[in-house]
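Written out below as structure tokens is the structure these notes cover.
The values are calculated or read from the model by the stated rules, or taken from the named source; none is laboratory data. Please read these numbers as outputs of a predicted model, since none were measured by experiment. Here the Cβ is made from the backbone with ideal geometry for all residues, glycine too, and neighbour counts use every protein chain on show. Please note that ligands, DNA and RNA were not included when accessible areas were found on the heavy atoms of the full protein model with its side chains. Shrake-Rupley method; radii C 1.70, N 1.55, O 1.52, S 1.80 Å.
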Amino acid sequence: MTPVRPARPDVVAALRACRLWRAATDTAIERLAASATVEQAARGTALASEGEVADRFAVVVAGKARVYHLQADGRIITFETVESGEPLAAVASLAGARYPANIDAATDATIAWLSRDALFTLIAEEPDVARSVIADLAGRVVNLTAVVQTLALDVPARVARYLFQRSLAVGEATPEGLRVSLGMTKTELAHSLGTVPETLSRAFARLKGDGVLDVRGPDVIVHDVGALARLGSGYAEE
């Protein structure tokens, strides 16, 4: 019998943190980790290309990976940035389809690639895992719907929607207003909102001119959260 090679501790830790199989036993996770192909990717390395057969998926062990679409005019739309312990390209792989977007390393990254059959085997051996897989994939459909809704707005409204959501999540009250970290560089934010940095800057200028916010480096000071809600989320104040 061929001995099973031991799994890397960092890969085991990342897979244990992955929500796809949170009901799996430690033994199953270690076996899954031992089957992984580990890739060390420098920032900017292409990990998968749109249209390629999705015969495997991954979990980010360290660093970050970006899932994006490159439009014909050169604009980049970032669908998500995936961090340590999060699955990558799982939906396309499990569907036996093709990758619907490009994937690259957003930072220097360690990626653990897994075959779709490895997950099917895990589900067969531990049926409770199926529930967490279904829940995670359903959540991804909801998130994709939110991305589509955002892209249907004009750019100032996309910015307002994003900042309103960030205000709820990480807003910090200050004497000047609600301080909100952008959570990424302005270039990354532009890509995630399906626009370019120049247009994003004009959107910030418009919101500033309307008295909604001020830009302070990587943060914004929000003076009117209600305005962000109305413009970006369609909520109305009673």
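Summary table
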| read-out | value |
| --- | --- |
| Whole-percent carbon and sulfur share, accessible surface of the chain, 1.4 Å | 55 |
| Mean Cα-pair separation over length for the chain, i.e. relative contact order, pairs under 8 Å, 6 or more apart, % | 20 |
| Gap separating the Cα centres of the range 121-139 and the range 53-77, nearest whole Å | 23 |
| Integer Hz, Karplus 6.51/-1.76/1.60 couplings in order for the range 50-66, x for Gly and Pro | 3, x, 6, 5, 8, 8, 7, 9, 9, 10, 6, 8, 8, x, 9, 10, 10 |
| Most fluctuating residue given options G171, G209, G226, as computed from a GNM of the chain linking Cα atoms under 10 Å | G209 |
| J(HN,Hα) series, the range 165-182, from Karplus relation 6.51 cos²θ - 1.76 cosθ + 1.60, nearest Hz, glycine and proline x | 5, 5, 4, 5, 7, 9, x, 10, 5, 9, x, 7, x, 8, 7, 10, 6, 5 |
| Net charge of Cβ neighbours under 12 Å - reference T174; Lys, Arg +1; Asp, Glu -1 | -2 |
| The chain: most fluctuating residue of L189, L168, L137 per GNM, C-alpha cutoff 10 Å | L168 |
| Simple spin-label estimate for R22 and I134 in nanometres, 7 Å along Cα-Cβ | 1.6 |
| Accessible area of the range 65-189 divided out per residue, in Å², using a probe of 1.4 angstrom | 49 |
| Computed lengthening from E126 to T37, 0.36 nm per intervening residue step minus Cα-Cα distance | 29.8 nm |
| Added length on full extension, which subtracts the Cα-Cα distance from 0.36 nm per residue, R216 to D10 | 70.5 nm |
| For peptides 18-26, 68-76, sequence by mean Cβ density within 10 Å, most packed first | 18-26, 68-76 |
| For L47, residues with placed amide H under 5 Å, excluding near neighbours | I103, D104, A105 |
| In sequence order, calculated HN-Hα J values of the range 100-112 (Karplus, 6.51, -1.76, 1.60; Hz; x Gly/Pro) | x, 8, 8, 10, 9, 7, 6, 9, 4, 9, 10, 10, 9 |
| Theoretical gain in end-to-end length, V141 to E198 [0.36 nm per residue, Cα-Cα removed] | 17.5 nm |
| Candidates P218, P175, P197, ranked by Gaussian network fluctuation over the chain, Cα under 10 Å, top entry | P175 |
| About the Cα centre, charge dipole magnitude for the range 83-238 (Lys/Arg +1, Asp/Glu -1 at Cβ), debye | 500 |
